[in-house]
Amino acid sequence: MRKFLVVLDETPECLNAMRFAAIRASKTGGGVELLGIIAPEEFQHWIGVGEVMRAEARAKIEAHFEVFRERMEKVEGISPTLAIREGEKAREIIDHIKSDPEIGILVLGAGSKGDGPGPLVMELAGRQVSDMPVPVTVVPGTMTKDDIVAVS
């Protein structure tokens, strides 16, 4: 089964990317995987404190995932999966895609504030594009729910 990979974070553009991926997966018989990434610089403390912070970050990602899992199941009939990795965001995305042959498309949301598409889109489209093993779909942040439904 082909999976659409969406980076799970707290940005508003993540919502558009998830909506697009869920609708496309529903229409094409695919799946959705949400990838939460824990930045390593968050844990440059004493070992005990770093482990507690890592566990808290993981719990936060899992709670965030549950909200969107319920929504995707209810609205689109899709049961997404969750993967969590730790490291530099762009590198972890590429490594995760390379580790899972079922991932067929990376779906990213672009910012809507007029100050560019966002740092992740810029980094992956810029210096990392030659390492990208799958096509990338960028969902503009200015698209409404109806716009996304129409193009999905």
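Quick notes
- On the stretch given as the range 105-124, residues that are farther than 17 Å from R19 by Cα and surrounded by 15 or more Cβ atoms within 10 Å (Cβ to Cβ) total 7.
- Some residue of the range 44-60 being under 19 Å from E92 (Cα atoms), assigned to a helix (DSSP H, G or I) and at pLDDT below 85: yes
Condition check ((1) touching a residue at least 60 places away in the same chain (Cβ under 8 Å); (2) among the hydroxyl-bearing types (S, T, Y); (3) over 18 Å from G31 (Cα atoms)) across all residues:
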position	(1), (2), (3)
E76	no, no, no
A83	no, no, no
K89	yes, no, yes
D131	no, no, yes
T142	no, yes, yes
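- Residues (at pLDDT 75 or above, of a type in the set (A, V, I, L, M) and out of contact with any Lys or Arg (no Cβ under 7 Å at 6 or more places or on another chain)) located in the range 125-152: M132, V134, V136, V138, V139, M143, V149, A150, V151
- Check on E86, modelled with pLDDT of 90 or more and surrounded by 12 or more Cβ atoms within 10 Å (Cβ to Cβ): yes
- Checked against (1) modelled with pLDDT of 95 or more; (2) within 15 Å of the chain's Cα centre (by Cα), S99 passes all but condition (2).
- I105 being under 21 Å from T137 (Cα atoms) and touching a residue at least 40 places away in the same chain (Cβ under 8 Å): yes
- Tabulated pairs, the range 1-14, first more than 13 Å from G109 (Cβ to Cβ), second in a loop (DSSP other than H, G, I, E, B) and of a type outside the set (A, V, I, L, M), C-beta under 7 angstrom, 6+ apart or interchain: M1/G30; M1/E102; R2/G30; R2/E102; K3/G30; K3/E102
- Restricting the range 67-93 to residues that are among the acidic types (D, E) and in a loop (DSSP other than H, G, I, E, B), the residue that is nearest to the chain's Cα centre (by Cα): E88
The values are calculated or read from the model by the stated rules, or taken from the named source; none is laboratory data. Keep in mind that what you see is a predicted model, and the values were worked out from it rather than measured. Using ideal geometry, Cβ is built from the backbone for each residue, glycine included, and neighbour counts are taken over all protein chains shown.
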